Structure formats: structure tokens, C-alpha cells
Amino acid sequence: MGIIVEDRETVGAPDGGWGWIVLLGCFVITGFSYAFPKAISVYFKELMKEFDCGYSDTAWISSIILAMLYGSGPISSIMVNKFGCRPVMLVGGFLASGGMIIASFSTNIIQLYLTAGVITGLGLALNFQPSLIMLGSYFDKRRPLANGLAAAGSPVFLSALSPLGQLLLNHYGWKGGFLITGGLLLNCCACGAIMRPLKCKERKAIPSKKKLLDFSVLADLGLIIYIIAKCIVVLGLFVPTILLVNYAKDQGVPDQDAAFLLSIIGFIDIFARPTCGIVASLKWIRPKMSYFFSLALLFNGLTDVCSATNTDYKGLVIFCVFFGLSYGMVGALQFEVLMGIVGKSGFSSALGLVLLIEAVAVLIGPPSAGYLVDKYKNYELIFYMAGGELITAGIFLALASFIFISRKKHKDTQQKHHGDVAINPKR
């Protein structure tokens with residue numbers, strides 16, 4: 001698939017200037033995109049009573065939002081390559097807002113799946129991917145730091161949206177809460193408006209063909225390894241945060257205190273992401289980014305497994321502290337690793353394809369965990385399940401990177417060395 005465009009050369013990344021404004025917009029978009037599917041869980045207990053459904057039924061709402069966020073990647077890539085980031089984000093902002101406003105009039109759970117799930121999820125997807133693309137075009141040398149700061153939007157918004165959602169639920173009910181949340185999502189349009197594209201220098205008047213979605217990026221072995229690992233990751237990564245509030249309420253924790261658990265994760269995460277971004281910028285860490293990412297996955301998985309038996313509020317708070325730290329590391333590194341694999345030119349297509357493939361896994365994870373709770377009435381199982389998946393992904397990524405990538409680089413280096421010797425023999 002292709003279109004005819006003029007051959008242009010984009011100016012280099014400024015690593016500052018208007019880039020800081022773009023970073024702010026990306027911060028807000030990331031906040032809504034990743035925090036909202038978790039923060040909406042504060043409404044689940046009320047929705048279960050309203051529509052007489054179970055944990056797995058309400059968990060589908062978050063899963064559909066995340067699946068749309070991931071699965072709409074290729075659509076977003078095509079639209080960005082054809083129309084640019086700013087128009088796509090403006091449309092996405094209206095969809096995200098409209099979905100929640102329409103959802104406030106829902107009379108059954110299926111309508112919520114279509115409105116709050118599909119429409120709002122699609123709107124967030126059309127904001128999220130273009131914002132990352134713009135961030136990557138404005139930052140190069142400072143890119144790990146910029147990614148870490150932008151990723152901090154998720155915990156900041158999680159810290160705010162979770163208690164705000166409980167407050168809105170207490171005062172206006174779930175319908176009023178959804179309506180007000182729809183208004184808040186209009187801020188995505190403002191973020192889209194500030195995504196000013198970098199100026200281009202025209203090199204030739206001769207038109208050339210530009211691919212809307214480049215499937216050739218899938219020929220990169222490093223990308224294939226990354227996709228497999230991330231698919232395993234998203235099966236369990238979001239499960240604890242989506243079901244945590246319901247779990248705490250079932251243990252007798254007051255509603256406001258239960259919602260505050262997500263805020264604790266957010267508070268810790270706020271500091272974890274930028275700090276991790278700074279560490280990832282170090283010269284001796286950046287070349288080994290995949291191993292650093294593997295460490296973050298192992299840390300997150302072990303946190304889930306070791307906290308499976310916590311039932312009192314103190315134990316849940318301790319879990320939230322360590323989960324926030326490890327989750328922040330994962331969030332700060334995941335797209336930096338992808339950018340390092342495919343580079344700036346292939347990032348748009350690679351991100352779209354990666355998110356599409358991951359959408360299936362993210363759609364399965366939370367509902368399957370909710371099903372386990374509905375059937376066995378045991379929350380320990382979901383922590384073991386989620387933790388096991390994260391540990392498996394971390395081990396796989398580290399081993400695969402070492403066996404297939406590091407050895408290939410070593411072999412290529414040796415071949416290059418022997419070639420140089422043959423060309424320039426000693427006299």
C-alpha cells in the first residue's frame with residue numbers, strides 16, 4: 001500500500017525547544033491512555049450491582065479499551081502516515097470523549113463494551129501512537145529521558161483518576177462519573193493541537209512512493225523476539241491493577257481506601273519512570289537495554305508472586321509500593337527498547353504492528369483472571385498467574401537476546417575483522 005508524496009528530508013531532532021511542549025502533550029496522552037483503563041475499575045462494583053454481572057464481565061471493559069489501544073495500531077499508523085499526527089489526534093480526542101459521554105446513557109453491559117470500550121479505546125489509540133511518534137521526532141540524544149518523563153503521565157493520572165472516580169461515584173453515581181470523565185477526555189484534543197510537525201526541507205520535486213504501513217520491519221529478528229516477549233507480558237501486566245480495587249473491597253477495605261491503593265502505585269510510579277529513564281540514558285546501560293528491560297519484567301513478576309497471600313491493608317500497601325516501582329520500570333523502558341530495535345524511520349509501522357499483535361493477549365488477560373475469581377473465589381490465583389507470565393517473559397527476552405542477537409553481532413564483528421585482514425594483509 002502506498003501514496004505519492006514529495007521527497008522531503010525532515011530536519012534533525014532539536015532535543016528541546018518546542019519539544020518540551022510536545023513532551024507535555026505526550027505526558028497527558030500517556031496518562032489518559034494507560035491510567036484510564038485501570039482507574040475505571042473503581043466503578044466495577046457498582047456496575048456489577050447495576051447489571052447483575054460478575055468480575056469477568058466488568059473486566060472486559062478495561063480489556064476492550066486496552067485491546068483497542070493496542071489493536072488499532074496499524075489503523076493509527078496508516079492515518080498518521082497519510083494525514084499527519086495532529087489531525088489524527090484531534091479526531092481521536094473527540095472519539096475518546098464521545099465514547100464516555102454516550103456510555104453514561106447505557107442500559108446494559110454490552111452497550112458499555114461498545115461505547116466505553118470500543119469507541120473510547122479507539123479514540124485513545126488515535127492519540128497515543130501519534131504522540132509517541134512526535135516525541136521520537138523531537139528527541140534523539142535525550143530520548144530515553146524524554147520517554148521516561150512522558151511515561152510518568154500514566155502514574156500521575158492513575159494517582160488522580162482513581163480517587164477522583166470514587167469521588168464522582170459517591171456524589172453523582174456511575175453515570176454522572178462517566179459523563180464528567182468524557183468531558184475530561186476532551187483535553188486530548190488540546191494535546192493534539194500542540195503537536196506541531198517539524199519543518200521539512202524539500203530535496204527534489206520528483207514524487208516518490210511512501211508506504212503507509214511497512215511490513216518489512218518484521219524481518220528484524222530483534223523485533224520478533226520483542227513481540228513474543230511483549231505478548232506474554234501483556235497477558236499479566238495489567239491484571240493486578242484492574243482487579244486490585246475489587247479485591248480490597250472484598251477484603252472489607254473501605255471504598256475510598258481501596259481506590260487509594262491505585263494512587264499509591266501511581267505515586268511510586270511517578271518517580272520510578274523518570275529515574276529509570278535517566279539510568280537508561282547512561283552509556284554503559286543503553287547498549288544493553290533489552291537486558292535492563294528483562295530485569296524490570298522479572299522484578300514485576302516476582303512482586304506479584306511474592307504478594308499473592310497478602311490480605312490485610314498493610315500488606316496490600318507494601319505490594320503497591322513494589323508494584324509501582326517495577327511497573328514504572330517496565331513502562332519507561334518498553335518503547336525505548338522498541339525504538340532502539342527499529343530506529344526512528346521504522347518506528348511508526350513497527351509500533352502499529354506490535355500493538356496489533358499484542359491486542360489479542362491484552363484482550364484475554366484481565367477477563368481470564370476475572371473468570372478465575374468468579375469460579376474459584378480465590379484472588380491468589382491471579383497474582384500467581386500474572387507473576388508467572390511476567391517472569392517467563394523476562395527470562396525469554398534475556399536468553400533470546402543473548403543467544404540470537406549478541407552472538408549474531410559477535411559473529412558479524414569477527415567476519416568483518418577477517419575481511420579487513422584479507423583486504424589489508426600485513427606487509
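The values are calculated or read from the model by the stated rules, or taken from the named source; none is laboratory data. Here the structure is a predicted model, which means the values were calculated and not measured. With ideal geometry, Cβ positions are generated from the backbone for all residues, glycine too; neighbour counts draw on all protein chains shown. Side chains are part of the model used for accessible areas, which takes the heavy atoms of the whole protein and leaves out ligands, DNA and RNA. Shrake-Rupley method; radii C 1.70, N 1.55, O 1.52, S 1.80 Å.
Worth a mention:
- Put simply, of 312, 304, 374 the only residue that is charged (D, E, K, R), under 26 Å from residue 243 (Cα atoms), touching a Gly at 6+ places or on another chain (Cβ under 7 Å) and open to solvent by 20 Å² or more (accessible area, probe 1.4 Å) is 374.
- Residue pairs whose Cβ atoms lie under 7 Å apart, separated by 6 or more positions or on different chains, with the first residue in region 272-297 and under 11 Å from residue 333 (Cα atoms) and in a helix (DSSP H, G or I) and the second modelled with pLDDT of 80 or more and of a type in the set (D, E, K, R), are 280/336; 289/336.
- Residue in region 6-15 that is modelled with pLDDT of 85 or more, out of contact with any Leu (no Cβ under 8 Å at 6 or more places or on another chain) and open to solvent by 10 Å² or more (accessible area, probe 1.4 Å) present: no
- Qualifying residue in region 138-152 (condition: in a helix (DSSP H, G or I), more than 19 Å from the chain's Cα centre (by Cα) and either modelled with pLDDT of 90 or more or hydroxyl-bearing (Ser, Thr, Tyr) (or both)): yes
- For region 76-101, a residue qualifies if it is closer than 24 Å to residue 40 by Cβ and not aliphatic (A, V, I, L, M), and the qualifying residues are 76, 92, 93, 94, 97, 98, 99.
- All conditions but one from (1) open to solvent by less than 70 Å² (accessible area, probe 1.4 Å); (2) modelled with pLDDT under 85; (3) of a type in the set (Val, Ile, Thr) apply to residue 413; the one that does not is (1).
- Scan of region 152-168 for residues that are of a type in the set (A, V, I, L, M, F, W, C) and surrounded by fewer than 20 Cβ atoms within 10 Å (Cβ to Cβ), ordered by number: 156, 160, 164, 167
- Against the numbered list (1) closer than 25 Å to residue 159 by Cα; (2) modelled with pLDDT under 85; (3) of a type in the set (Phe, Trp, Tyr), residue 376 comes up short only at (1).
- Restricting attention to region 24-39, the residues being touching a Ser or Thr at 6+ places or on another chain (Cβ under 6 Å) and closer than 22 Å to residue 254 by Cα number 4.
- Helices (runs of 4 or more DSSP H) lying entirely in region 30-100 (those with 1 or more residues that are farther than 30 Å from residue 199 by Cβ): 44-51, 55-71
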